[in-house]
Amino acid sequence: MKSLLLIIACTLALFAGELQFEHNFNKALQKAKTQNKEVMMMYSATWCPECNYMKEVVFKNKEVVSYIKKHFIVLTLDIQKDTLPEGFNYIGIPTFFFIDKNAKEKNKIIGGSKADIFLQNLKALK
Amino acid sequence: MKNIILSVLICSNLLFAFDINDLKKLKEDGDCPMCDLSYADLKGLDLSMSNLNDANLTHVNFTNTIAHKANFSNSDLSHALFVNSNIKGATFVNAILRDVNFTEARIWKGNFSHAIIDNCNFSESALGSAIFDDNNLTNSTFGGAILYKTIFKENVIGIPK
């Protein structure tokens, strides 16, 4: 029993500092409404180095993670598997759409950047 | 009189170092291989997929330009400005890059193989997955640059830390 609790505690600690990604637009929107947050929808691809940098480096930065967790539900859509919901357009990947409770685009960030700059840009949206 | 004519010729040459027809061709076709565009102001243009192979691009201003997958191979880009440009996937193979300013440029997947890189400024640029092969980077600066999965082949001298 003790071992099981330890494993659970370790697992929770492991994921506490990580972002949880949603993959379904409606589910993300519902979750955002419930938690009184906005949806940050990332449109990306696995073959895009800029997208991978955001996922593997920027989204592991403590300050970025903490800020995003506080304000957003993160939804990731893949350019090869998912079509963008109606009303959303992009010119390149990665594109970050910021979506309000009514499923409308409030803001957009095009392209990736270093953690400090991305955080600055996120804060500027608020 | 001869002096006046000579002065006018010298001045006009300084003002328009590039070939006007070449600039027109670039703007109309989007391509201009082997062209003379030296000193041209190409600020903010969309040159995505443009072929600028083997061109004279010395002192060209590419500030804020979008040039995804543009081909700058074999071109002379000495003293060119790429500040804040978006040149993802651009190819600089065998290009001459002397005193080029790439500050804050987005050069993801750029290919610099066999380019002469001398005193270039890559500060705060994004060079993720870019390829450096057979280059000497000792006197170029990379402060604050994103070097995520950047490929530096074994024959590169002065690999930034």
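Remark: pairs (first residue in the range B:69-82, on the phi < 0 side of the Ramachandran plot; second residue basic (Lys, Arg) and surrounded by fewer than 24 Cβ atoms within 10 Å (Cβ to Cβ); Cβ separation under 6 Å; 6+ apart in sequence or on different chains) = B:Ser78/B:Arg98. The residues on offer are B:Ala90, B:Ala95, B:Ala80, B:Ala115, and the sole one that is modelled with pLDDT of 95 or more, under 21 Å from A:Cys48 (Cα atoms) and open to solvent by less than 30 Å² (accessible area, probe 1.4 Å) is B:Ala90. Taken over the range B:124-159, the criterion of being within 14 Å of chain A (Cβ to nearest Cβ), assigned to a loop (DSSP other than H, G, I, E, B) and among the small types (Gly, Ala, Ser) is satisfied by B:Ser125, B:Gly128, B:Ser129, B:Ala130, B:Gly143, B:Gly144, B:Ala145. Among the residues of the range A:93-120, the ones that are surrounded by fewer than 16 Cβ atoms within 10 Å (Cβ to Cβ) and either within 14 Å of chain B (Cβ to nearest Cβ) or aromatic (Phe, Trp, Tyr) (or both) come to 4 in all. Being buried (at least 20 other Cβ atoms within 10 Å of the Cβ) and more than 17 Å from A:Glu105 (Cα to Cα) holds for only one residue in A:Glu50, A:Glu63, and it is A:Glu50.
The values are calculated or read from the model by the stated rules, or taken from the named source; none is laboratory data. Small disclaimer: the values here were computed from a predicted structure and weren't measured. FYI the Cβ positions are ideal-geometry reconstructions off the backbone, even for glycines, and counts take in every protein chain you see. Accessible surface is based on the protein model in full, side chains and every heavy atom, while ligands, DNA and RNA are left aside. Shrake-Rupley method; radii C 1.70, N 1.55, O 1.52, S 1.80 Å.
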